[in-house]
Amino acid sequence: MVFWAGAAGAVLFVLVFLVDGGTRPNYSPVRHPVSALALGRRGWVQTANFIVSGAAITVGALGMVFEGSSILMGVVLTIFGLALVASGVFRMDPMLGYPPGAPAGIPKDNSLQHRLHDHAGAVVFLSLPLAAAIGAFALPATPWRIISGCLAAALFLGFGRFGKAWEDVSPRLGLIQRAVIVPGWGSLAVLFTALALGTI
């Protein structure tokens, strides 16, 4: 049951930010990061998404720890889930023109809440590829190990590309982030589903 919770959390996170981001006035999924959805009058939706999805993923990851599927991988994914929760507790500052009236760029001076959000995000973006890298050695079946290793390389490269897009204030910042998050969280949902079905 705990693995189904983890799979549901990963799927829920992606579905919520895709639907909310695609229907929110003045928000551009191409330009704005997912975290910006926690701002404005509808910000509670993404805040809840961070917290609920992160908690569900944490439950699934703890199942890996206590059921012995892969203890180290489970520990890293637990950290990933908790960092998602922290990303919801601490919001980013208004910037990149969202919400309307926010600075057009990325201000140099940020609030403590924003800095804590950034730290939580860094943990999220590093822990998922790290968990995949561990899976390349820890998962029992060779196909899973190969897929996990390839995923780790792709995620490390993708998150690095997102970091560069952030530094450059790329107009495609949100699109680049989504191109990494969707397959990353999707692979996590597949992993938890396989564990729930007992195929790993």
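Throughout, read-outs are computed from the coordinates displayed, never taken from laboratory work. Worth saying up front: this structure is predicted, and the values here are computed from it rather than measured.
Key figures
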read-out	value
Taking N as its residue count, the alpha carbon Rg of the range 34-138 over 2.2 N^0.38 Å	1.22
Value of [θ]222 nm, deg cm²/dmol, for the chain, DSSP H segments ≥ 4, -39500 (n - 2.57) each, nearest 500	-25500 deg cm²/dmol
For the range 5-87, projected area of the alpha-carbon convex hull averaged over all directions, nm²	5.2 nm²
Over 27 Å [Cα-Cα, the chain], rounded percent	27 percent
Per-residue HN-Hα couplings for the range 53-65 [Karplus 6.51, -1.76, 1.60; θ = phi - 60°; Hz; x = Gly/Pro]	5, x, 5, 5, 5, 4, 4, x, 5, 5, x, 5, 5
For the range 102-160, the Rg and Dmax computed from alpha carbons only, in angstrom	16.2, 50
